[in-house]
Amino acid sequence: MKKITLDEIKKLAKLSRIELSDQEVESLRGELENILGYVDQLSDVDTSGLETTSQVTGLTNQMRADEIKDYGTNRYDLLKNAPDSQDGYIKVKKVL
Amino acid sequence: MSVKDFNKIYWKSIAELASDVQAGKISAVDLVNKSLNAIENAKEYGAILFVAKDDALRRAKKIDALVAKGEKVGKLAGVPFILKDNFLTRDVETTAASNILKGFIPPYQSTAVTKLEAEGAIMVAKANLDSFAHGSSTENSDFGVTKNPHDKERVPGGSSGGPAAAVALGLAPFSLGTDTGGSIRLPASYTGTVGLKPTYGLVSRFGVVAMASSTDVIGPITETVEDSALILDVMSGRDEHDSTTIERSPDSYTDLKLGLKGLKVGVIKQHMGEGLDPLVKKSINKTVDRLRVSGAIVKEISIPSLDLSLACYYIIQPAEVSSNLGRYDGVRFGYSEQKAKTVDDVYDLSRSYGFNSENKRRIMVGTYVLSSGYYDAYYKKAQTVRTLLINQFNEAFKEVDVLVGPTAPSVAFKIGENVKDPLKMYLSDIMTVGVNLVGVPAISVPVDEVKGLPVGFQIIAPQKADRLVLALGTKIEALRQ
């Protein structure tokens, strides 16, 4: 059985940029133990001599011309979805 | 709905509808109104999130005006369709059924939708899904569960549960879904509709909310296989906005001629054993027998590592999910927590509120398997086991032309039955995920019913043999009669 500590869950939450309640930390611990315990069965599989797959249809670098095209949108259309903006820029909260 | 109409047909074929519109036998406005009325009368099923009534009627009138002037209006003229709400639609709210995207109005739209519209198809509504397509039942939607049209106490499957239920209810002749680990085929199986998962890269995913990019595909959900072929034919092909797209076949995907005599059909051994509902097994065997009687050469095929595909998938998929969901930061678009004082709080609190527990679970698992110290043991290992699966599928396709079996181990389960045990929920995808990991095409065709609930038959072919899964699909439909 895979064991995961509460501290590990808290660290993962921090890396994932998610704030968790104490209750969520506890329930996720059990769930992650189950899920990771299940996927752990792969560790017994002999994969010696096999390449790692990253692309299934065999495509390699796909190049295109670096051209500007008109999509019928401008920066102000795009900014409409931003929670806050000013003078054509996205406005963010204090960084430091 | 009665239990007997698992293959009830509500609409003429899509090709016929479009040709009737072109000929002026029926107006596009009538077709759209038929769809809008059906949607209005099926609210209790919770399949639809948003109805695009005004836009749809405006487009329909435009098509009717062109027909009146004697102009040519396209292969899908006036045909209404419903979109899973993870397809971006320009100026129409797109939520992926998630609180974090509620209110998001895309400034651009998916290539698939643009191609369908260019042929005259009309989007009438956006349908429910498990939030960000994370689920197998539609119970993970942030905006309510969709009910199975055959039994309201049961799930329609997921994550394309809304689009599948919509077609099963006759709300439109077709819908579009996405399939990352079975999200088109599973709901098609549970609702008695046809669900096509094309070869990886055959249909552009530009403008579709990304889940796991190395397995995500989009495809149609329809009443018949013939309709599915036509929609694939319109949507497929390279797109400069999606660098993973591949060349389409130069011939039409609607050319479905196929002789069953001598066709080599492999029944997947691993999908017919333990864990399969005995009544579903009986239905599948009955269909296989019909193929044999019609001249197909049927044999059992073993894919020894197939049982590992779910474990493999539940490393790769959450890894890619955690990466793809990194863009939801509460800064550029989507939900932003107003109480936050610093930019760090904006990230943490917005994501904490905007993502539901299944989203969080997958992000956390993905972050774990990608984190330093675990990357080789989990992510790299899974991508290598994936090679093993690809090799074994290639071996199988040296012996047979197609692989067949059930789409799911059982018929639709009850709402609430699996929500407390995420791993049990994941197991509903056990017969569909392998296909996504190796990138081959597959289809689920309804063949029978068990206790009044539909059973889907899955057909799998080698990469780019999409026409073969469709052609055999039409044969299966004919043999069902």
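Bear in mind these aren't lab numbers, they're just calculated from the coordinates by the rules spelled out. The structure presented is a predicted model; accordingly, all values stated were derived computationally and were not measured. Here the Cβ positions follow ideal geometry from the backbone for every residue, glycine too, while neighbour counts run over all protein chains shown.
Out of the GluC sites (Glu not before Pro) in the stretch B:193-257, which ones are loop residues according to DSSP with at most 14 other C-beta atoms within 10 Å?
When the GluC sites (Glu not before Pro) of the stretch B:193-257 are filtered for loop state and at most 14 Cβ neighbours within 10 Å, B:E240, B:E247 remain.
Along the positive direction of the dipole of the protein assembly as shown (beta-carbon charges: Lys, Arg +1; Asp, Glu -1; about the Cα centre), which of B:N418, B:Y45, B:T146 reaches farthest?
Farthest along the dipole direction, towards plus: B:Y45.
Past 19 Å, Cα to Cα, is the threshold; run B:K152/B:K424; B:K257/B:K475; B:K12/B:K61; B:K264/B:K286; B:K147/B:K197; B:K12/B:K75 against it and keep the listed order.
B:K152/B:K424; B:K12/B:K61; B:K147/B:K197
Output the antiparallel fraction of DSSP beta bridges having both residues in the protein assembly as shown, as a percent to the nearest 5.
Beta bridges within the protein assembly as shown, antiparallel portion: roughly 65 percent.
On C-alpha positions alone, give me the angle between the axis of helix A:22-39 and the longest principal axis of chain A, in degrees, nearest 10.
70 degrees
Can you classify the stretch B:376-445 as rounded, prolate or oblate using the Cα gyration tensor, where a ≥ b ≥ c are the square roots of its eigenvalues, rounded means a/c under 1.5, and otherwise it's prolate if a/b beats b/c and oblate if not?
Working: a/c = 3.57, a/b = 1.31, b/c = 2.73.
It is oblate, given that a/c is not under 1.5 and a/b is not larger than b/c.
Given axes a ≥ b ≥ c from the Cα gyration tensor, I'd like to know whether the stretch B:225-327 is rounded (a/c under 1.5), prolate (a/b larger than b/c) or oblate.
Working: a/c = 2.57, a/b = 1.19, b/c = 2.15.
Taking the square roots of the gyration eigenvalues as a ≥ b ≥ c, the stretch B:225-327 is oblate.
For the stretch B:230-323, which trypsin sites (Lys or Arg not before Pro) pass both filters: DSSP loop (anything but H, G, I, E, B) and at most 16 other C-beta atoms within 10 Å? Walk me through the numbers before you get to the answer.
Details: sites: B:R238, B:R248, B:K257, B:K261, B:K264, B:K269, B:K281, B:K282, B:K286, B:R290, B:R292, B:K299; in loops: B:R238, B:R248, B:K257, B:K261.
Here the trypsin sites (Lys or Arg not before Pro) that fit, given the DSSP loop and packing criteria, are B:R238, B:K257, B:K261.
Could you pull out every residue, at least 5 positions away or on a different chain, whose amide H is within less than 5 Å of the one on B:G177? Hs are placed 1.01 Å off N in the peptide plane, and Pro or chain starts have none.
So B:G177 has HN proximity to B:G219, B:I221.
How charged is the neighbourhood of B:N148? Take every other residue with its Cβ under 10 Å from the Cβ of B:N148, and add Lys/Arg as +1 and Asp/Glu as -1.
Combined, the nearby Lys, Arg, Asp and Glu give +2.
If only Cα atoms are counted, what is the Rg of the stretch B:14-254, and what is its Dmax, in Å?
16.3, 49
For A:K91, which lysines qualify as cross-link partners when the Cα separation must be under 25 Å and same-chain residues fewer than eight apart are set aside?
Hits, sequence-local ones excluded: A:K14, A:K80, B:K102, B:K339, B:K341.
Of the options B:V298, B:I476, B:A23, report the single residue whose Cα projects farthest towards the positive end of the charge dipole of the protein assembly as shown (beta-carbon charges: Lys, Arg +1; Asp, Glu -1).
B:A23
What's the center-to-center distance, using Cα atoms, between the stretch B:84-161 and the stretch B:405-434 in Å?
20 Å
Helix-only estimate, please: 222 nm mean residue ellipticity of chain B, summing -39500 (n - 2.57) across DSSP H runs of length 4 or more and dividing by its residues, to the nearest 500. Don't jump to the answer; show the numbers that get you there.
Values: 15 runs with 176 residues, N = 481.
Per the formula, -11500 deg cm²/dmol.
State to the nearest 20 debye the size of the charge dipole of the protein assembly as shown about its Cα centre, where the only charges are +1 on K and R beta carbons and -1 on D and E beta carbons.
So the dipole magnitude of the protein assembly as shown works out to roughly 640 debye.
Could you tell me which of rounded, prolate or oblate describes the stretch A:26-96, using a ≥ b ≥ c as the square roots of the eigenvalues of the alpha-carbon gyration tensor, with rounded for a/c under 1.5 and, failing that, prolate when a/b is larger than b/c and oblate otherwise? Can you show the working numbers first?
Details: a/c = 4.10, a/b = 1.51, b/c = 2.71.
It comes out oblate by the Cα gyration axes.
If you place +1 on the Cβ of every Lys and Arg and -1 on the Cβ of every Asp and Glu, how big does the dipole about the Cα centre of chain A come out, in debye to the nearest 20?
Dipole magnitude for chain A comes out near 520 debye.
So if each residue of separation counts as 0.36 nm, and I subtract the Cα-Cα distance between B:D91 and B:E71, what length gain in nm does that give?
Values: separation 20, 0.36 × 20 = 7.20 nm, distance 2.79 nm.
Full extension of this stretch gives 4.4 nm more.
Given Cβ point charges of +1 (Lys, Arg) and -1 (Asp, Glu) and nothing else, what value in debye, to the nearest 20, does the dipole of the stretch B:1-152 about its Cα centre take?
Computed about the Cα centre, the dipole is about 380 debye.
Are there trypsin sites (Lys or Arg not before Pro) in the stretch B:106-205 that DSSP puts in a loop and that have at most 16 other Cβ atoms within 10 Å, and which ones? Kindly include the intermediate steps, with their values, before the conclusion.
Values: sites: B:K115, B:K126, B:K147, B:K152, B:R154, B:R185, B:R205; in loops: B:K147, B:K152, B:R205.
Loop-located and lightly packed - B:K152.
Can you tell me the orientation of helix A:6-15 relative to chain A, as the angle in degrees between its alpha-carbon axis and the longest Cα principal axis, to the nearest 10?
Between helix and principal axis, roughly 20 degrees.
Compute and list, largest first, the equivalent-ellipsoid semi-axes of the protein assembly as shown from the alpha carbon gyration tensor, each √(5λ) rounded to a whole angstrom.
Working: eigenvalues 235, 200, 98 Å².
Each semi-axis is the square root of five times an eigenvalue, giving 34, 32, 22 Å.
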